[in-house]
Structure formats: C-alpha cells, structure tokens
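Undergrad: Provided herewith is a single structure, encoded as structure tokens, for subsequent inquiry.
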Amino acid sequence: MYRDDYILRMIDQFGAIIRHILGLYRNGQSPLARIAIDNAYRDRLGVGSDQVAALSVQQLLALLRFHGVGEDWRSEGAFLVALLTVESRLLSDDGAEDAAAMRALLALQTLIECALAAPEPLPAYTPTHNELLALLQHYIVPAPTLVALLALCEQQGDLARGEDIVHELLARDPRRWLATARAFYQRLLERSDAELTAAGLTRAEAMVGLAELDKIAPPAKPPMA
C-alpha cells in the first residue's frame, strides 16, 4: 500500500512538472522551459539534456531501470517521453530540425518500450505515438522502430495506423517486409467485425489488403506429401 501511494504521488509530481514546463512553453518563456527540462533530466537520470540526446534508447532504458522505483520505471519513462517531446518542439521552433527529430525519435522509441511493457495505461501526461509521429513527419523513422510501433498499434487497437506502417514498410522494401505485412492482415482477419469497425476498417478491406500482397509474391505452397 505504501509503495502504491508513493508511486501515485510520484506520478502526480511528474504531471505537475510537465504542466509547469508546458505553461512556460506556451507563454513564450522558452529559456526557462529549457532550464526546467534540463533540471528534470538531471534529477531523474543524473545527466543533462545534451547527454540524454546522445543516448540510444537501450542506454536510456538502462538508466530508467537503474533510477526507477522497482517495476515503475515505465512511469518514469513516460515522464521522460513528455520532456523529450516538449524539448523537440522547442528545438523545432528554433529551426534546429535535426536535433528536434532526434529528441522526437528517442521519445517515440521510449514510449513504445514503456507502453508495451506496462500492465496498465501510462499516465495521462504521456504523449501519444500519433503526436510523436507528427513531429517526425519529415523524418524517415528507422524500420525496426516502425516494426515495434506496429506491435504497439495493434495492442492499442490503432489498426488504421498499423496498416499505414505496413504500407510504409512495403514501400521501402516489399520483399523484405512481405511476411510482416501478410501476418498483419491475417491477424486483422482474426479480429471481430466490431473491433475492425471501431478502428475504421472493414473485413473486406483487410481481405483486399491481404490479396494485394499476392501481387508482390504469391504465398508459398505447402510441400507435397
């Protein structure tokens, strides 16, 4: 009980910090927002903004787990996702598009890892994958990140976005991602009509999508007995 109360207080504290930073950003107080973000990084990870930006997602997750409260590293990860997202917007406003994309990509990768591992939804202050993809609209997201995002979209029922990801992978290298695409459409067909409708899709569309893949390469025939 005490641990649960502590975690809830910690999440509330994170939310208050994010609201404060967003308030500074929206009021045009960018220098103060940057200082607050840097201080938040140092408080949670022991390193500042420049060092965080140089980390890979694996390194960042290692720091999260080292500094996190037991299994609640995911809530701390969501907090860092929010910090990275605001920082990405600040850098984009300054015209530093490459640096902004680096933060947004790290935020997306961290979000995916935290959300896939979380037993329940992440805190309300957590940016969504669609918000982060909007920040990355002019950037080529690495294929491994897209594949991981596909798993998250299916988990969260964002099947239309999942189909967009499949199309993007096929556009890059159709033969490499053909099996991934075919498996995705087969999983769609295993869902109920209600689930598909809720996601803005229909069973007929999923069947057409699967059939279109045969134009790239027909499905392998089972070996003869």
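Undergrad: Calculate how steeply helix 143-156 sits against the longest principal axis of the alpha-carbon atoms of the chain, using the helix alpha-carbon long axis, and give the answer as 0 to 90 degrees to the nearest 10.
TA: So the inclination is approximately 90 degrees.
Undergrad: Contact order normalised by length for the chain, with contacts defined as Cα pairs under 8 Å and 6 or more residues apart; what percent is it?
TA: 13 percent
Undergrad: If I model a spin label as a point 7 Å beyond the Cα along the Cα-Cβ vector, how far apart are those points for Ala16 and Gln59 in nm?
TA: The answer from the label model is 3.3 nm.
Undergrad: What order do you get for Thr110, Thr85, Thr145 when you list them from fewest to most C-beta neighbours inside 10 Å?
TA: With the sparsest Cβ surroundings first, the list reads Thr145, Thr110, Thr85.
Undergrad: Once a ≥ b ≥ c are taken as the square roots of the eigenvalues of the Cα gyration tensor of the stretch 140-225, is the result rounded (a/c under 1.5), prolate (a/b larger than b/c) or oblate (a/b not larger than b/c)?
TA: oblate
Undergrad: Follow-up. Using the Cα atoms of the chain to build a convex hull, what is its mean projected area in square nanometres?
TA: 15.8 nm²
Undergrad: So, R0 is 35 Å and r is the distance between the beta-carbons of Ala217 and Thr128; what FRET efficiency does that work out to, to 0.05?
TA: 0.55
Undergrad: If you find the alpha carbon centre of the stretch 184-201 and of the stretch 25-71, how far apart are they in angstrom?
TA: Taking the Cα centre of each part, the stretch 184-201 and the stretch 25-71 sit 38 Å apart.
Undergrad: Let me ask something else about it. Please give the FRET efficiency for Val147 paired with Asp43, using the beta carbon to beta carbon distance and R0 = 35 Å, rounded to the nearest 0.05.
TA: With a Förster radius of 35 Å, E is 0.60.
Undergrad: Tell me, what is the FRET efficiency for His138 and Ser30 to the nearest 0.05, using R0 = 25 angstrom and their Cβ-Cβ distance as r?
TA: Calculated value: 0.70.
Each reported figure results from applying straightforward, stated rules to the coordinates on display, with no laboratory input. Everything numeric here is computed off the predicted structure, so don't read it as measured data. Glycine gets a Cβ as well: all are built from the backbone with ideal geometry, and neighbour counts include every protein chain shown.
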